[in-house]
1. Restricting the stretch 175-201 to residues that are free of Cβ contacts under 8 Å to residues at least 60 places away in the same chain and within 11 Å of the ligand (Cβ to nearest atom), which is most open to solvent (accessible area, probe 1.4 Å)?
2. Can you name the residue in the stretch 202-235 that is among the small types (Gly, Ala, Ser) and touching a residue at least 24 places away in the same chain (Cβ under 8 Å) and, of all such residues, is most open to solvent (accessible area, probe 1.4 Å)?
3. Need the failing condition index for residue 284 against (1) open to solvent by 40 Å² or more (accessible area, probe 1.4 Å); (2) more than 26 Å from residue 152 (Cβ to Cβ); (3) part of a helix (DSSP H, G or I); (4) small (Gly, Ala, Ser), just the number.
4. What number of residues within the stretch 50-95 satisfy the criterion of being within 15 Å of the ligand (Cβ to nearest atom) and closer than 17 Å to residue 262 by Cα?
5. Please go through the stretch 132-141 and give me each residue that is open to solvent by 30 Å² or more (accessible area, probe 1.4 Å) and either farther than 15 Å from residue 261 by Cα or outside any helix (DSSP H, G or I) (or both), ordered by number.
6. Here are 211, 228, 169: which of them is β-branched (Val, Ile, Thr) and either away from the ligand (no atom under 15 Å from the Cβ) or modelled with pLDDT under 95 (or both)?
7. Looking only at the stretch 241-269, which residues are open to solvent by 10 Å² or more (accessible area, probe 1.4 Å) and away from the ligand (no atom under 16 Å from the Cβ)?
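The values are calculated or read from the model by the stated rules, or taken from the named source; none is laboratory data. The model shown is predicted, which means the values in this text are computed figures rather than measured ones. A quick note on method: Cβ atoms are made from the backbone with ideal geometry, for glycine too, and the neighbour counts reach across all protein chains shown. Side chains included, ligands, DNA and RNA excluded: accessible areas come from the protein's heavy atoms. Shrake-Rupley method; radii C 1.70, N 1.55, O 1.52, S 1.80 Å.
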Amino acid sequence: MTRRFALIIDPVDASEERAEYADTFTVVDAAAPALSVGELSTQRGDGVFESIGVINGHAQEVVPHLERLAHSAQLCDLPVPNLEQWRHAILVAAAECPPGEAVIKLILSRGVEHGPTPTAWVTAAPASDFSVVRETGVRVVTLDRGYDLTAAERAPWLLLGAKTLSYAVNMAALREAHRRGADDAIFLSTDGFVLEAPTASLILRFGDRFVTPAPSGGILHGTTQLSVYEYLSGHGFEVGYERIPASDLARADAAWLVSSVRLAAPITAIDATSLSVDQVLTPALNQYLLSPRD
Ligand code: PLP
């Protein structure tokens with residue numbers, strides 16, 4: 001099953017009640033052409049997106065995803081998305097998803113060159129099977145991201161912290177990790193701090209304390225990391241956002257890459273250092289992440 005839904009986006013401030021626009025979108029055939037060849041901004045990666053996990057027809061963490069979409073749009077000077085309209089489209093797309101795990105993508109691009117409005121669409125498709133990697137984990141290598149922690153503030157045009165359509169660098173980093181015999185990567189800033197993975201957030205365990213890099217350094221604030229923190233705090237663990245020096249990675253008792261569709265993948269090695277998989281918490285986290293959450 002793959003279905004694609006096209007949305008007409010209202011560029012007016014979404015803070016107003018725009019209920020009349022809530023269902024102004026068109027269902028299109030995912031196998032048929034739907035975008036204009038004049039869609040230059042999409043070709044340039046000039047837009048933003050979200051990937052939302054769907055479990056048995058329930059779209060997970062919709063509000064944090066919509067908030068991040070709006071934040072990314074703001075960083076990219078795109079019109080404020082009509083969140084009611086997106087929410088409604090997500091519900092329609094989720095209802096089309098088969099039982100089991102699926103993924104909904106929201107895409108908002110600047111649209112046709114010199115066009116009056118952005119172009120926006122939603123896709124729904126079955127998710128890959130990540131059940132094995134959630135148990136056996138991933139080997140990761142650290143890779144230089146090429147900027148320091150002050151870059152986001154110093155150079156806002158780099159759009160660090162926005163989930164833009166330009167993921168070519170992230171995909172190249174994954175290919176480099178594979179070339180080095182690993183499954184995934186952790187980006188480091190040039191001043192030696194831990195950032196994030198190309199498509200996931202990093203959580204480290206030190207005893208009963210859990211830390212993740214502070215999202216102020218130009219990384220995405222992961223919706224899955226937020227959910228994991230809610231679970232951990234609810235179970236009496238201490239959680240925090242920190243500047244994490246790369247040298248701390250080798251000291252961690254356990255570590256995970258967490259993201260909306262793969263969920264919690266335990267890390268079994270960072271560069272040359274092996275890490276043991278937390279055999280109690282890892283299945284518990286994934287069980288929690290697979291339960292319906294808003
Ligand atoms: N960081 C990056 C660069 C990502 O691409 C993603 C997800 O795609 C994440 C972190 C994790 O975000 P989320 O948990 O909301 O999926």
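1. 196
2. Of everything passing the filter in the stretch 202-235, 216 is most open to solvent (accessible area, probe 1.4 Å).
3. Unmet for residue 284, out of (1) open to solvent by 40 Å² or more (accessible area, probe 1.4 Å); (2) more than 26 Å from residue 152 (Cβ to Cβ); (3) part of a helix (DSSP H, G or I); (4) small (Gly, Ala, Ser): (1).
4. Qualifying residue count for the region: 11.
5. 136, 139
6. 211
7. The answer is 242, 243, 245, 246, 247, 248, 250, 251, 252, 253, 268.
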